[in-house]
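What follows draws every value from the coordinates through simple rules; no lab data is involved. It should be emphasised that the depicted structure is a prediction, and the values quoted were computed from it without experimental measurement. Cβ sites come from the backbone with ideal geometry, for glycine too, and all protein chains shown count toward neighbours.
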């Protein structure tokens, strides 16, 4: 089993919260122990966690426990095998209600792979009205 921290459109109630994640064990709302820059970026106005620990803010999201198949699905969704995709990195998060700490995987990008930064670093992603869901992307550009 793997702990996975999601901070953007994979969170519950957001457009990319897939059924496989909805059926996973939800551990709770969590926050990174280390600050990271979380920005809105790229032509799709996506949330991007930049792999620059110690910069930005502590990021709030959700922690799930998933099996190998769901982790593989998330890797595919986040493009971990393509050159401009996200990388899966290991971080430490704490549950907001208990302060219990967990090692977890999350998805981050290098700053130079983000085509345009549209926000200052934020501590928690709220659905950006400019975000373009994957099903609408091919018809736009």
Tell me, in nm to one decimal, what length is gained between residue 55 and residue 124 on full extension, where the rule is 0.36 nm per residue of separation less the Cα-Cα distance? 23.4 nm
Of the residues 68, 25, 103, which exhibits the maximal mean-square fluctuation in a Gaussian network model of the chain defined by a 10 Å Cα contact cut-off? 68
Euclidean distance of C-alpha centroids, the range 82-107 and the range 120-139, integer Å: 20
Fewest Cβ neighbours within 10 Å first, please rank 78, 69 accordingly. 69, 78
The chain - percent relative contact order, Cα under 8 Å, separation 6 or more: 34
Rounded FRET efficiency, nearest 0.05, which uses the C-beta distance separating residue 45 from residue 110 and R0 of 22 Å: 0.75
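Ordered by packing density, taken as the mean number of other Cβ atoms within 10 Å over each peptide's residues, highest first, how do 106-112, 82-88 rank? Let's see the in-between values first.
Details: 106-112: 18.3, 82-88: 13.7.
Listed from highest to lowest mean packing, they are 106-112, 82-88.
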What distance in nm lies between label points placed 7 Å from Cα along the C-beta direction at residue 100 and residue 68? 2.6
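Say R0 is 25 Å: what FRET efficiency, to the nearest 0.05, do residue 84 and residue 136 get from their beta-carbon distance?
Numbers: r = 19 Å, r/R0 = 0.78.
Plugging the Cβ-Cβ distance into 1/(1 + (r/R0)^6) gives 0.80.
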Value at 222 nm in deg cm²/dmol, rounded to 500, when DSSP H runs of n ≥ 4 in the chain each add -39,500 (n - 2.57): -3500 deg cm²/dmol
Test of understanding: in a Gaussian network model of the chain with alpha carbons linked when under 10 Å, which of 21, 63, 73 would top the mean-square fluctuation ranking? 73
